[in-house]
Amino acid sequence: MNKKTNLKLNDLLNHLILDNTNIYYYIIMSLFLSALLIFVLRLIDQSLTTVRALVVTKNPVLGAFIGLVESAIWILAVSQVIKDINDPFLISAYAFGFAAGTLLGIQLEKFIGLGSAVVRVFTPSKSANISKPLRDKGFLVTDIKAKGRDGTVTISWCIVPRRKLSKVLSIIRSVNPDAYVTTDFANPTSLRK
């Protein structure tokens, strides 16, 4: 073999090695991008599910529109997984996207803070009452005297916008850190129809 032929053979071998490297690179990048796409689609889809659940009672038309977008995204995500159902990376991306979407949805729900919360504060009658400090900050409070296991208690009820719930809890904590507090979502119902 002469030197020229040997150079051509080396070039051919180098070219084949690079082509195989390119193929592996393409396969890995394709798999990574598919997994990333599935993860992002599930992240968005699951976040929309949480937001839709909040919005649907207040604005059914908006809730329906969010549901429409959510279902289209879900179909895109599932179709990507089904293309290669035996690939654990794609399945993992789907599952992690679902979990991350749930966490993101919870954070979005806290940020949006739609609706109202009912705050009930139970305090022994002899301890600091939280009604006046809350009223001074503009919150409406109703006090009820009740009898508890250890004597007379005051139950203070307050319905506040959910966006202001942390402020109310902060006021309660500063006035009476030993108060027993419960909160629920308020579902106001109008009797005027």
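Of the residues making up segment 150-166, those that are over 12 Å from Thr123 (Cα atoms) and over 23 Å from the mean Cα position of the chain (by Cα) are Cys158, Ile159. Would you confirm whether or not segment 46-58 contains a residue that is part of a helix (DSSP H, G or I), open to solvent by 40 Å² or more (accessible area, probe 1.4 Å), at pLDDT 70 or above and over 30 Å from Thr189 (Cβ atoms)? No, because not a single residue in segment 46-58 is part of a helix (DSSP H, G or I), open to solvent by 40 Å² or more (accessible area, probe 1.4 Å), at pLDDT 70 or above and over 30 Å from Thr189 (Cβ atoms).
Residues that are in a helix (DSSP H, G or I), closer than 21 Å to Thr57 by Cα and of a type in the set (A, V, I, L, M): does segment 86-101 have at least one? Spell out the reasoning first.
Of the residues in segment 86-101, the ones in a helix (DSSP H, G or I) are 88-101.
So of that shortlist, the ones also closer than 21 Å to Thr57 by Cα come out as none.
No, there is no match, as no residue in segment 86-101 is in a helix (DSSP H, G or I), closer than 21 Å to Thr57 by Cα and of a type in the set (A, V, I, L, M).
Mind checking which residues of segment 167-193 are under 20 Å from Ala128 (Cβ atoms), among the polar types (S, T, N, Q) and under 22 Å from the mean Cα position of the chain (by Cα)?
We begin by selecting, within segment 167-193, every residue under 20 Å from Ala128 (Cβ atoms); these are 167-183.
Now narrow it down to the ones that are among the polar types (S, T, N, Q): 170, 174, 176, 182-183.
Thr183, the sole residue that qualifies.
Filtering segment 122-154 to residues that are under 15 Å from Tyr180 (Cβ atoms) and aromatic (Phe, Trp, Tyr) leaves only Phe122. Residues in segment 121-155 that are among the hydroxyl-bearing types (Ser, Thr, Tyr) and out of contact with any Lys or Arg (no Cβ under 7 Å at 6 or more places or on another chain): Thr123, Ser125, Ser127, Ser131, Thr142.
Can you spot a residue in segment 103-112 that is open to solvent by less than 40 Å² (accessible area, probe 1.4 Å) and touching a residue at least 40 places away in the same chain (Cβ under 8 Å)? Spell out how you get there, then give the answer.
Pass one, segment 103-112, residues open to solvent by less than 40 Å² (accessible area, probe 1.4 Å): 105, 109.
After this cut, where a residue has to be touching a residue at least 40 places away in the same chain (Cβ under 8 Å) as well, the list is 105, 109.
Yes; the residues of segment 103-112 include at least one that is open to solvent by less than 40 Å² (accessible area, probe 1.4 Å) and touching a residue at least 40 places away in the same chain (Cβ under 8 Å).
Listed conditions (1) at pLDDT 95 or above; (2) in a helix (DSSP H, G or I) are all met by Arg120, apart from (2).
Look at segment 140-154: where a residue is open to solvent by less than 70 Å² (accessible area, probe 1.4 Å) and a partner is not in a strand (DSSP E or B) and not polar (S, T, N, Q), sitting 6+ places away or on another chain with Cβ atoms under 9 Å, you get Val141/Ile130; Val141/Lys132; Val141/Leu134; Val141/Arg135; Gly151/Lys126; Thr154/Ile130.
Residue-level check: of (1) over 11 Å from the mean Cα position of the chain (by Cα); (2) over 13 Å from Leu48 (Cα atoms); (3) not charged (D, E, K, R), Phe111 misses just (1). The condition (being hydroxyl-bearing (Ser, Thr, Tyr) and closer than 30 Å to Thr50 by Cβ) is satisfied by just one residue among Thr102, Thr123, Thr142, Thr152: Thr102. The residue list Val51, Val56, Val69 contains one member that is under 14 Å from the mean Cα position of the chain (by Cα) and among the aliphatic types (A, V, I, L, M), which is Val51. Does segment 157-164 contain any residue that is loosely packed, with under 14 Cβ neighbours inside 10 Å and of a type in the set (D, E, K, R)? Scanning segment 157-164, I find no residue that is loosely packed, with under 14 Cβ neighbours inside 10 Å and of a type in the set (D, E, K, R), so the answer is no. Here Ile171 does not qualify as under 14 Å from Arg120 (Cα atoms) and touching a strand residue (DSSP E or B) at 6+ places or on another chain (Cβ under 7 Å).
Among the residues of segment 109-120, are any out of contact with any helix residue (DSSP H, G or I) (no Cβ under 8 Å at 6 or more places or on another chain) and farther than 30 Å from Thr152 by Cβ? Before the answer, list the steps.
Within segment 109-120, the subset out of contact with any helix residue (DSSP H, G or I) (no Cβ under 8 Å at 6 or more places or on another chain) is 110-111, 118, 120.
After this cut, where a residue has to be farther than 30 Å from Thr152 by Cβ as well, the list is 110-111.
Checked segment 109-120: at least one residue is out of contact with any helix residue (DSSP H, G or I) (no Cβ under 8 Å at 6 or more places or on another chain) and farther than 30 Å from Thr152 by Cβ.
The values are calculated or read from the model by the stated rules, or taken from the named source; none is laboratory data. Because the structure is predicted, anything quoted here is derived from the model rather than measured. We place every Cβ from the backbone using ideal geometry, glycine too, and count neighbours over all the protein chains shown. Only protein heavy atoms, including side chains, enter the accessible area calculation; ligands, DNA and RNA are left aside. Shrake-Rupley method; radii C 1.70, N 1.55, O 1.52, S 1.80 Å.
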